[in-house]
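Have a look at the structure below before the remarks.
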Amino acid sequence: MTAERWTAALLALAVAVGWIRLIGWRRAAPARPPAGRLALLLTAQPVLAVLLFLTLYPPPTGPATDPELAVATRGASPGSADIALPEAPRGSAPVRVPDLATALRAHPGTRRIRVLGQGLEPRDRDVARTVGVAFVPAAPRPGLVALAPPARVAPGAPFRVGGQVAGAAGARVELLDPAGRVVDAAGAAQDGSFVLQGAARVPGVALFRVRLRGGEAAPVPVVVTASAPVRVLYLAGAPGPEVKYWRRWAADAGIAATVSQTAGAGIDLGEHPSPLTAATLARFDLVVLDDRRWAGLGGGERGALAAAVRGGLGLLLRVTAPLPAGVRAGWAALGAPVGGAGRGGKPARLGGADVPVLTRWDALAPGGVTLGRDAAGVPFAAWRARGLGRVGVWTLADAAALVPSGHGERFDALSADAVATLARPAASRTPSVSDWPVVGERTTVCGAGPGAQVVAPDGTRVALLPDGGCAGYWPRTAGWHVLADGSARLPFHVTEAAAIPGLRAADRRAATLRLAAMPGDPTPAAAAPAPIPGASWPWLLAFLAVAAALWWFERRGRGAISVEKR
Amino acid sequence: MSAPDRAARWTRPAKRRAGVATLVIGAPLAAATALWSLPLAIVLLAATAVAAWRRARRFDRRWLVRRLDARHAAAQDSADLLFADPATLGPLQRLQLARVSQGIAEEATDLADPWPVGRIAAAWLAAGALVAAILLWPAAREEPLAPSDEGVARVPGVPALTGQRLRVVPPAYTGLPARDLATLDARVPAGSRIEWTLAFDPAPAAAALAFLDGRRVVLAPGARWRGATTLVRSGLYRVAPAGAPAGRLHRIDAVADQPPRVVVRAPRETLTLATPGQRGWTVAFEARDDYGVAAAARLVVTTASGEGEQVTFRERTLALSGSGAATARRFATTLDLPAMGLTGAGDLIAQLVVTDGARHVVRGPSLILRRKPPQSDLGTGLDVGVRVALPAYLTSQRQVIIDAQALLRERRRLSPAAFLARAQRIGDDQGALRMRYGNFLGGETEGASNAMPTSDAEAPAADVHSPDDGHDHGPAGTPLVGRAEDVLGEFGHAHDEGEAATLFDPETHARLTEAVDQMWQSEGALRGGDPARALPFANRALVLIKQVQQATRVFLAKVGSELPPIDAARRMTGKRDDIAPTMLALPARDGDEAAAARAWAAVDGVGRGDTAALDRFLAGAAVRDPLALAAARDAVRRDPACAACRARLRGLVWEALSRPPAGAARRAGASAAGRRYLDAIGGAR
């Protein structure tokens, strides 16, 4: 309104100046023109000013009558909507707008939008929060609708890829390695979900693929990085194959292991800090302890252990025999999911007929997070969070039997899984990149330090400008990008949108459903919508016509004056 | 009429006819050859003309004189007068000339040879046949070459491969026919001869087949370029005409010959127990091979007869001929057990040895027929202990000394010849004994018997054996004794030279060697008829043997853990102090993951990696198909921007990567809010 007032004031001033000039002219004129002429000229000044003002600020036409707008998005049926977003198919609406914000500006007073089709693109979601959203999703397109690639994987470690297929319960889903070979296959469950398992190799990146048998395939980017070695204190109550093979695995996998095993009569093979105190436990990320060793710990050591776990230390409690009530109570006090009344060992099959049958002590209490389960789905290890740390219970008595029977990789995977799950978390937080970056769309990079850059596959570097911890990045090409943050290199994979249509459709659908589920509290701006400005061209025409007529009239009058002068 | 004119009257028609006849004979042949080769026809025609001229020239005056004299009696052998210069003739000659000239002029009208009608007809017939043959001869047309596709754009003026043919001539032993292939990629038996026939347009200055591993086959230029090689190992190559861009890689796989596989068809079990009274044993084998098993095979039959320590081995080789197809031959025979020497208890071991065309010699599984010994009468488990080991059939060293001393005593009563003969007999004994000891040191056998080296101690000093001395000597010729103790050959490391035998400890070995040396000297002196000189050596040898006998501890070097010596003072006392609480360090795992990671970084798609590291890794990588890997690497090297090539190489390198032991990654730390939350729930418990 300020601009309008300023304009009005300027115009009023111009009218006043015009009047004074006209009157001054008349006085200075040798032959006085007729008074009617002066009156006409004086009258014309405000008329022109008003017309010019109305050209600039045409009077509003009044608020929109229809508060609901039907918006066609990707996959909308033709002819059903008021406006169409760019992704909508041709002919779905009479008017096509570049984005939802433009549509809302063109239709002020819109209170609700009715979304037709698959759902809103990320570009329109922020704007859609200002209005109510109604969305009745169609049935999801058959195919892959969810896929969770693994987070960073250690070299050689197994990883899991979870996902979901729609419209194809029981479909065969395969995991293909970079060489194109099927490394795992599973049937989708009743709800379409599946979990596939692969194995990483050397540090670097690898592009696996999940393929729906007879259908689409989606890339699974796997980033394999070697992190700082995990420091493990392994306290065994007696020498045995478990310790032997665990030690072998730890040495091979680059674990900084301190192993101690008691040989009876006070003989302790290996070196370990004794007694366990807060200071000594701070030097380790994980303590592996069995029931015999626990029985030998003093009260102070147990207290230090519990405190260290609360501070982030991982603790894996191995059951090597039916647990005495005292040990069970002590472990339960630590927060371990230990319980179970069974006293004997039960068979645990981890695989097919060639895998030896292991022994599982029935000592797990329900309520823990399962760390491992056998082929029948019975958990044999579980953990619980306790403060910043985690306490796990391991009930397999003879997992080492896997190694001499030719299944060393399975033993390694079990050990690696336990260590990776329970060990103290990394101290420094690595930057994160939003899921499924897509070419041409905003990718969010959070947690990157100042000066972080993204290096595209073609070598171009883009500096990130973090705003509130996160920065936006618009990839131009598909492929492996690298987030260079200081000396750290975090690769992430950018996909072509066409490569993951199912995931994208599912994402649109879920996001739009979330918008629709939001409570309808339109913002005040939407409650009192700005009046629609009227058309300014009639006023401009009138202004031009009056100005032209006045110019002609004044010209003619001046001519008459000059004639009169002569 | 002058003499030349007169001569020409006869010679000219003769010349004409001879020349024309020659031309008529030669010309059609020359003309016929014109159909085949115009230059040859011209040469032939010229040769015909020369021949005609030369033939016409033969009809000169001398020919005319001879012809007139021969044909016409009227000439009266005076035809030469007709053509002589009248001025040189005497009166008598002139008179004779006048006589004969009249008759000749009347008689001799045509002296020329008749037309050689037969020859002319034959020539024309031959010419006709030649024409027909040239026209109807099946043209030795070369097979058209197969079109080629090298995957490079044709540029005018740049040599490009337009046609190709690959001829594969497998080795003769495979029995496969030679075949022509339209492609340049092939799978051929190893050792095949490969012949390329290629066509280029335009023709290059030179061309070769460049193998990726550096081999080159230079093509011989021509309308069709040819090259050949004998393929020993698989390879990737490209056709490389000079001045042309590199084309597609071609691949030739050499399929190695598989050794034959021998399957036992009968008997069912490896170990068969002989039934009482069994006299024959049927064995049947089947040998399979990819190309063919030689029809002749050997069956090695080893008979181990005897019991306990008196087991003798005898090996025989029987020739078997197989039946059935060459790729699956069946060999069967029935062994006659008594003929094989298995009369009593013992084992008969049969093993088939087959060969194939590639000279693979394969020994099949051993089949054993065992005949158990009859139950011992004692039945106390002591049968081994009471079994009699016959003494060695050797004169002992002590006996040699006694004999030599006796010989010296009897020297005066003996003639020199008898003395020498007896000395040499003792020398023979000494030699046999020396060879027996030498045998034990790993030396050559030289046909000596197998007695224990130390058995002479048990032999009584005066034990002179004779066939009728009251005890059994065992069957003659069959060395029953000592073979079971032939441990050096069986268990020890009997190298070619005795010095390296590891049966004895070094000291014993040295003593034994010295003893053999002394025996050698003793033997030499005895054979030379000088027992007195031999005695010191023989005595020294006896002393050494006695030392060896007392010191002998035969041992075999073992490989294994070397345990620390047991502390006897501490043993069984229960004291545990000063026990070092250390564990043995684990040996490092072999495997270079860093090199593999560097190689993978060169292809994984993030940035640009170290291609040299990739090449180093690929050179040592154990992969299923190295050629595919080499081809993919070459494609990327040639076109680094080719995304599909990179993807293919990436897949192959991934296959070459081994999986390191599963590592453990740290989980991501909680955010500040997460820490507060975890602290809160952790503290509440």
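Could you tell me whether A:ALA336 is surrounded by 21 or more Cβ atoms within 10 Å (Cβ to Cβ), at negative phi and in a loop (DSSP other than H, G, I, E, B)?
yes
Which number in (1) within 8 Å of chain A (Cβ to nearest Cβ); (2) at pLDDT 80 or above marks the one condition that B:ALA643 misses?
That leaves (1) as the condition not met.
Considering only helices (runs of 4 or more DSSP H) fully contained in the stretch A:248-310, which possess at least 1 residues that are within 11 Å of chain B (Cβ to nearest Cβ) and closer than 26 Å to A:ALA154 by Cβ?
Counting at least 1 such residues, we get A:299-310.
Which of the residues belonging to the stretch B:592-630 are within 18 Å of A:VAL223 (Cβ to Cβ) and aromatic (Phe, Trp, Tyr)?
B:TRP600
Does B:ASP60 satisfy the criteria of being assigned by TED's automatic domain parsing to the domain that holds B:ALA127 and at pLDDT below 80?
no
Of everything in the stretch A:227-247 that's within 38 Å of the chain's Cα centre (by Cα), surrounded by fewer than 20 Cβ atoms within 10 Å (Cβ to Cβ) and at the interface with chain B (Cβ under 10 Å from one of its Cβ atoms), which residue is nearest to A:ASP268 (Cα to Cα)?
Here the answer is A:PRO229.
Mind checking whether some residue in the stretch B:656-670 is at pLDDT 85 or above, crowded, with 18+ Cβ neighbours inside 10 Å and either more than 9 Å from chain A (Cβ to nearest Cβ) or part of a helix (DSSP H, G or I) (or both)?
Scanning the stretch B:656-670, I find at least one residue that is at pLDDT 85 or above, crowded, with 18+ Cβ neighbours inside 10 Å and either more than 9 Å from chain A (Cβ to nearest Cβ) or part of a helix (DSSP H, G or I) (or both), so the answer is yes.
Hey, can you tell me all the residues within the stretch A:162-183 that are away from every other protein chain (no Cβ under 14 Å) and either surrounded by fewer than 21 Cβ atoms within 10 Å (Cβ to Cβ) or among the basic types (Lys, Arg) (or both)?
Answer for the stretch A:162-183, where residues must be away from every other protein chain (no Cβ under 14 Å) and either surrounded by fewer than 21 Cβ atoms within 10 Å (Cβ to Cβ) or among the basic types (Lys, Arg) (or both): A:GLY162, A:GLN164, A:ALA166, A:GLY167, A:ALA168, A:ALA169, A:GLY170, A:ALA171, A:ARG172, A:GLU174.
Look through the stretch A:185-195, keep the residues that are in contact with a Phe, Trp or Tyr (Cβ under 9 Å, 6 or more places away or on another chain) and in a strand (DSSP E or B), and return whichever of them is nearest to the other protein chains (Cβ to nearest Cβ).
Per the stated criteria, the residue is A:ALA186.
Can you go through A:PRO137, A:PRO150, A:PRO108, A:PRO158 and tell me which one is away from every other protein chain (no Cβ under 14 Å) and within 25 Å of the chain's Cα centre (by Cα)?
The conditions single out A:PRO137.
Of all residues in the stretch A:382-435, how many are at the interface with another protein chain (Cβ under 8 Å from one of its Cβ atoms) and of a type in the set (S, T, N, Q)?
4
Only one of these conditions is not met by A:VAL369: (1) modelled with pLDDT of 90 or more; (2) out of contact with any helix residue (DSSP H, G or I) (no Cβ under 7 Å at 6 or more places or on another chain); (3) away from chain B (no Cβ under 14 Å). Which number is it?
Tallying (1) modelled with pLDDT of 90 or more; (2) out of contact with any helix residue (DSSP H, G or I) (no Cβ under 7 Å at 6 or more places or on another chain); (3) away from chain B (no Cβ under 14 Å), A:VAL369 fails exactly one: (3).
Mind checking which residues of the stretch B:270-303 are under 35 Å from the mean Cα position of the chain (by Cα) and not hydrophobic (A, V, I, L, M, F, W, C)?
Passing the criteria: B:THR270, B:THR282, B:GLU286, B:ARG288, B:ASP289, B:ASP290, B:TYR291, B:GLY292, B:ARG298, B:THR302, B:THR303.
For the stretch B:565-573, check the following and say yes or no: at least one residue is more than 14 Å from chain A (Cβ to nearest Cβ), surrounded by 13 or more Cβ atoms within 10 Å (Cβ to Cβ) and either at pLDDT below 80 or under 53 Å from the mean Cα position of the chain (by Cα) (or both).
Scanning the stretch B:565-573 turns up no residue that is more than 14 Å from chain A (Cβ to nearest Cβ), surrounded by 13 or more Cβ atoms within 10 Å (Cβ to Cβ) and either at pLDDT below 80 or under 53 Å from the mean Cα position of the chain (by Cα) (or both).
When you go through (1) more than 20 Å from A:ASP417 (Cα to Cα); (2) away from chain B (no Cβ under 14 Å) one by one for A:ALA332, which number turns out not to apply?
Unmet condition: (2).
Considering only the stretch A:215-247, state which residues are within 23 Å of A:PRO203 (Cβ to Cβ) and assigned to a strand (DSSP E or B).
A:PRO219, A:VAL220, A:PRO221, A:VAL222, A:VAL223, A:VAL224, A:ARG231, A:VAL232
Applying the selection to the stretch B:590-624, what residues are surrounded by 13 or more Cβ atoms within 10 Å (Cβ to Cβ), within 42 Å of the chain's Cα centre (by Cα) and in a loop (DSSP other than H, G, I, E, B)?
Matches in the stretch B:590-624: B:ALA621, B:VAL623.
Could you grab me the full set of residues in the stretch B:314-339 that are exposed (fewer than 15 other Cβ atoms within 10 Å of the Cβ) and over 26 Å from B:ASP289 (Cα atoms)?
Those that are exposed (fewer than 15 other Cβ atoms within 10 Å of the Cβ) and over 26 Å from B:ASP289 (Cα atoms): B:ARG314, B:GLU315, B:ASP336, B:PRO338, B:ALA339.
Would you confirm whether or not the stretch B:264-278 contains a residue that is buried (at least 17 other Cβ atoms within 10 Å of the Cβ) and touching a Phe, Trp or Tyr at 6+ places or on another chain (Cβ under 7 Å)?
yes
Kindly indicate which of B:ARG676, B:ARG633 is more than 9 Å from every other protein chain (Cβ to nearest Cβ) and either loosely packed, with under 15 Cβ neighbours inside 10 Å or assigned to a loop (DSSP other than H, G, I, E, B) (or both).
Matching residue, one of B:ARG676, B:ARG633: B:ARG676.
If I ask for residues that are hydrophobic (A, V, I, L, M, F, W, C) and at pLDDT 85 or above, which ones from the stretch B:1-26 would you list?
B:ALA18, B:VAL20, B:ALA21, B:LEU23, B:VAL24, B:ILE25
Which residue is surrounded by the most Cβ atoms within 10 Å (Cβ to Cβ), if the candidates are limited to the stretch B:32-59 and must be touching a residue at least 60 places away in the same chain (Cβ under 8 Å) and hydrophobic (A, V, I, L, M, F, W, C)?
It comes out as B:ALA32.
Cβ-Cβ distance below 7 Å, separation of 6 or more or different chains: which pairs start in the stretch A:469-498 with a residue that is more than 14 Å from every other protein chain (Cβ to nearest Cβ) and end on one that is part of a helix (DSSP H, G or I) and surrounded by 15 or more Cβ atoms within 10 Å (Cβ to Cβ)?
Taking only residues 6 or more apart or on different chains, the pairs are A:ALA497/A:ARG504.
Taking helices (runs of 4 or more DSSP H) that do not extend beyond the stretch A:2-110, which have at least 2 residues that are more than 30 Å from A:ARG509 (Cβ to Cβ) and not β-branched (Val, Ile, Thr)?
Counting at least 2 such residues, we get A:2-28, A:35-56.
The values are calculated or read from the model by the stated rules, or taken from the named source; none is laboratory data. Everything numeric here is computed off the predicted structure, so don't read it as measured data. Don't worry about glycine lacking a Cβ; one is built from the backbone with ideal geometry, like all the others, and counts go over all protein chains shown.
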